[in-house]
Amino acid sequence: MRAGICFRRASFLFCKQMVKKATIANRKSQIANPLVSIIMGSTSDWETMRNAADILADFGVPHETKVVSAHRTPDLLFEFAKSAESRGIEIIIAGAGGAAHLPGMVAAQTCVPVLGVPVQSKTLAGMDSLLSIVQMPMGIPVGTLAIGNAGATNAALLAVAILSNTRKDLREKLREFRGEQTEAVLESTLE
Ligand code: RP5
């Protein structure tokens with residue numbers, strides 16, 4: 001494994017998820033010029049969305065994390081979406097649960113691609129989030145991922161894949177990640 005890049009995700013399929021104590025707040029100011037913005041409707045979404053942040057960190061992709069609520073902070077949502085492109089953001093990953101309007105409302109106000117992550121809700125197990133995010137009207141797309149942790153992880157991997165169209169080193173890291181993942185499956189044993 002290459003030093004400095006720890007692709008823990010390659011073996012995450014076989015390990016219990018590590019519980020990290022980092023908070024959104026202490027990650028908020030990580031980087032001056034982020035390429036990816038990870039936003040979420042509530043601090044309660046962080047346990048899901050941190051999976052996306054961890055992947056981007058593993059790949060060395062500059063990113064920011066923010067709470068932006070479509071319903072509780074509509075003015076902030078407007079300001080965020082309108083300024084994303086001029087701030088150099090190339091991809092927005094937006095996670096929300098329940099009446100999950102955040103990804104769609106952001107997509108409506110920017111041409112920066114939006115990847116939506118349906119957060120698993122308590123009452124409807126995330127089906128509400130999934131349908132709210134995926135059923136966008138024709139003309140305003142949101143690339144919708146799976147419900148929960150898999151969706152957050154895959155949103156980040158998809159962001160890496162998109163960014164790597166023009167960044168060879170990132171494409172190489174992605175190939176390395178895929179290779180390690182394949183190896184982990186091939187080497188796995190059943191008790
Ligand atoms: C949504 O409402 C958030 O994305 C979150 O998933 C859900 C519940 O929010 P909290 O009541 O936990 O803040 O806007």
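The values are calculated or read from the model by the stated rules, or taken from the named source; none is laboratory data. None of the values given here were measured: they were computed from a predicted structure. Every residue, glycine as well, gets a Cβ built from its backbone with ideal geometry; the counts of neighbours run over all protein chains shown. Areas reflect the complete protein model, heavy atoms only, side chains present, ligands, DNA and RNA absent. Shrake-Rupley method; radii C 1.70, N 1.55, O 1.52, S 1.80 Å.
Residues of region 78-104 that are crowded, with 22+ Cβ neighbours inside 10 Å and within 12 Å of the ligand (Cβ to nearest atom): Ala94, Gly95, Ala96, Gly97, Ala100, Leu102, Pro103. Out of Ser37, Ser69, Ser86, I need the residue that is at pLDDT 95 or above and out of contact with any strand residue (DSSP E or B) (no Cβ under 9 Å at 6 or more places or on another chain). Which one? Criteria check complete, one pass: Ser86. Of all residues being in contact with a helix residue (DSSP H, G or I) (Cβ under 6 Å, 6 or more places away or on another chain) and of a type in the set (Gly, Ala, Ser) in region 31-70, which is nearest to the ligand (Cβ to nearest atom)? Just the residue, please. So, considering only residues that are in contact with a helix residue (DSSP H, G or I) (Cβ under 6 Å, 6 or more places away or on another chain) and of a type in the set (Gly, Ala, Ser), the one nearest to the ligand (Cβ to nearest atom) is Gly41.
Inside region 57-77, can you point out the residues that are surrounded by 14 or more Cβ atoms within 10 Å (Cβ to Cβ) and in a helix (DSSP H, G or I)? Of everything in region 57-77, those that are surrounded by 14 or more Cβ atoms within 10 Å (Cβ to Cβ) and in a helix (DSSP H, G or I) turn out to be Ala57, Asp58, Phe59, Leu76, Leu77.
Yes/no per residue for (1) crowded, with 23+ Cβ neighbours inside 10 Å; (2) touching a helix residue (DSSP H, G or I) at 6+ places or on another chain (Cβ under 6 Å):
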| residue | (1), (2) |
| --- | --- |
| Ala107 | yes, no |
| Ser121 | no, yes |
| Asp128 | no, no |
| Ile140 | no, yes |
| Leu145 | yes, yes |
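Against the condition under 20 Å from Phe59 (Cβ atoms) and in contact with a helix residue (DSSP H, G or I) (Cβ under 8 Å, 6 or more places away or on another chain), how does Ala161 come out, does it pass? The answer is yes for Ala161.
Could you tell me whether Ala150 is under 22 Å from Asn165 (Cα atoms), assigned to a helix (DSSP H, G or I) and open to solvent by 20 Å² or more (accessible area, probe 1.4 Å)? No. Among the residues of region 168-191, those identified as surrounded by 12 or more Cβ atoms within 10 Å (Cβ to Cβ), free of Cβ contacts under 8 Å to residues at least 24 places away in the same chain and in contact with a helix residue (DSSP H, G or I) (Cβ under 9 Å, 6 or more places away or on another chain) are Arg171, Arg178, Gly179.
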